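What follows draws every value from the coordinates through simple rules; no lab data is involved. Note that the structure is a prediction, hence the values are computed from the model and not measured. Ideal geometry is used to build each Cβ from the backbone, glycine not excepted, and the neighbour counts take in all protein chains shown.
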Amino acid sequence: MEIVILPDNAAIGRLGADAVGNLLQRKPAAVLGLATGSSPLSIYDELATRSADGSVSFAKASGFTLDEYVGLPADHPESYRNVIDKDFVSRVDFASGAIQAPNALAEDIPAACAAYESAIAAAGGVDLQILGIGTDGHIGFNEPGSSLASRTRIKTLARQTRIDNARFFGGNLDAVPTHCLTQGLATIMAARHVVLVATGPGKAEAVHHLVEGAVSALWPATILQHHPHVTVLLDGAAASRLQLAGYYRETYRAKPAWQGI
Ligand code: GLP
């Protein structure tokens, strides 16, 4: 795991955008894994800027979203399919139909989840997965207790996650759905490169477990310790509980330029 502690969101956005930009330069038809939430916004903002000035193009790329609420109508502004369109997809030059999302409106949910796994496999797998992390250590919506070998499926949201996300539903906890579809932990682990962003003091405990804790279903993100290529982009507050923060800073400062991101 490469841990990069940066001064602010803008620096996180630039480095995350570098990872995506370098990939697209090597592989214009790359497959991206797209997370919603506030954490990746700085990366999406930077990529929108670079797309506008022509330094990056998504014209041949495609994407898969991580998760979706169950029970929201297709036109609900907080449906993750709409959120990712607003926050990122509509701001760059993806071809129409290039983005797929789990179909939480399907009558047969297990079949829709299996079809999503098949679609990711048919696209050749995810090259770069952008991730946030929940305060309880979830990635996607893989809540504590998730099987470390899980694939896309329906999950019940933890109360803490619903409380955290109530801000997107006018502060009304009852308006936050109780269920979701999410890529599983094994689905996420199959991505070739994972870029995880965490900022602010509220994420410090989850980041501590992610980087330095024991691998456990209680902190689902810890499965990433078994992934060969994870880049963790943090601000100082999110990194504040890392025992080896000094070492991570030193390592990044001494990183040879040829290694890139
Ligand atoms: C949400 C999403 C995750 C996201 C996480 C953190 O519930 N399902 O994909 O990474 O929680 O959200 P935020 O980045 O807004 O803190």
Next item on the list: Just tell me, in residue order, which DSSP H segments of the chain are both 24 angstrom or longer along the helix axis (alpha-carbon based) and at least 0.0 in mean Kyte-Doolittle hydropathy.
Entry: 9-26
Note to self: Sort Asp53, Asp164 by Cβ crowding within 10 Å, fewest neighbours at the top.
What the structure shows: Asp53, Asp164
Next item on the list: Starting with the fewest neighbours, write out Ile120, Ile154, Ile188 ranked by other beta-carbon atoms found within 10 Å of each beta-carbon.
Entry: Ile154, Ile120, Ile188
Check: Once the other residues with Cβ under 14 Å from the Cβ of Cys113 are scored (Lys, Arg +1; Asp, Glu -1), what is the net sum?
Finding: -2
Item checked: Nitroxide proxy distance, nm - points 7 Å out along Cα→Cβ at Ala122 and Asp53 -> 3.9 nm
Checklist line | Per-residue HN-Hα couplings for the range 93-107 [Karplus 6.51, -1.76, 1.60; θ = phi - 60°; Hz; x = Gly/Pro] | finding: 9, 4, 5, 5, x, 7, 10, 10, 9, x, 8, 7, 9, 5, 6
Next item on the list: Compute the separation of the alpha-carbon centres of the range 12-57 and the range 139-158 and state it in Å as a whole number.
Entry: 26 Å
Next item on the list: Label the range 3-61 by shape, choosing from rounded, prolate and oblate, from the square roots a ≥ b ≥ c of the eigenvalues of the Cα gyration tensor; if a/c is under 1.5 it is rounded, and otherwise prolate applies when a/b is larger than b/c, oblate when it is not.
Entry: prolate
Notebook entry, point to check: What net charge is computed for the residues neighbouring Asp127, neighbours being all others with C-beta under 12 Å from the C-beta of Asp127, Lys and Arg scored +1, Asp and Glu -1?
Noted result: +3
Check: By the gyration tensor of its Cα atoms, with a ≥ b ≥ c the square roots of the eigenvalues, what is the shape of the range 211-261: rounded for a/c under 1.5, prolate for a/b over b/c, or oblate?
Finding: oblate
Check: Taking the Cα atoms of the chain alone, what are Rg (to one decimal) and Dmax (as a whole number) in Å?
Finding: 17.3, 53
Check: What is the extension gain from Phe168 to Ile154, computed as 0.36 nm multiplied by their sequence separation minus the C-alpha to C-alpha distance, in nm to one decimal?
Finding: 2.9 nm
Checklist line | Overall form of the range 1-122 per C-alpha gyration tensor (a/c, 1.5; a/b vs b/c) | finding: prolate
